[in-house]
Amino acid sequence: MSVKFKISGKELLAKIEELIKEGNASRIIVRDESGKVFIEIPVTVGVIGAVLAPVAAALGAVAGLAANYSIEVIHKTGTGQDPAG
């Protein structure tokens with residue numbers, strides 16, 4: 001299951017941090033205004049600390065370059081199985 005929404009560049013980093021803290025996302029995909037993938041973040045317990053610091057620095061530096069982004073949040077299914085099959 002996934003949820004998509006739009007956000008401005010200056011709100012991007014705070015929203016990603018909020019989504020990670022919620023703990024129910026397995027992957028976060030950020031796209032620029034043209035729909036190209038800007039960054040794709042796997043959200044797992046062991047990766048959060050190692051990935052978040054450099055991702056936060058990169059997002060903070062680049063977020064001002066584009067006015068709007070879309071974020072797709074792919075939620076954990078909780079079953080441990082691929083929902084497609």
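For region 26-55, how many residues meet the condition of being within 19 Å of K76 (Cβ to Cβ), at pLDDT 80 or above and loosely packed, with under 10 Cβ neighbours inside 10 Å?
Qualifying residue count, region 26-55: 0.
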Review point. In region 1-11, what residues are surrounded by fewer than 13 Cβ atoms within 10 Å (Cβ to Cβ) and among the aliphatic types (A, V, I, L, M)?
Key: M1, V3
Revision key, fill the gap. Checking A61, A84 in turn, the sole residue that is part of a helix (DSSP H, G or I), exposed (fewer than 13 other Cβ atoms within 10 Å of the Cβ) and at pLDDT below 70 turns out to be A61
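Residues in region 12-25 that are surrounded by 15 or more Cβ atoms within 10 Å (Cβ to Cβ) and in contact with a strand residue (DSSP E or B) (Cβ under 9 Å, 6 or more places away or on another chain): how many? If you could, list the steps in order and put the result at the bottom.
At the first step, the residues of region 12-25 found to be surrounded by 15 or more Cβ atoms within 10 Å (Cβ to Cβ) are 12-13, 15-16, 19-20, 25.
Those still in the list that are in contact with a strand residue (DSSP E or B) (Cβ under 9 Å, 6 or more places away or on another chain) too: 12, 15-16, 19-20, 25.
Of the residues in region 12-25, 6 are surrounded by 15 or more Cβ atoms within 10 Å (Cβ to Cβ) and in contact with a strand residue (DSSP E or B) (Cβ under 9 Å, 6 or more places away or on another chain).
The values are calculated or read from the model by the stated rules, or taken from the named source; none is laboratory data. Please read these numbers as outputs of a predicted model, since none were measured by experiment. Here the Cβ is made from the backbone with ideal geometry for all residues, glycine too, and neighbour counts use every protein chain on show.
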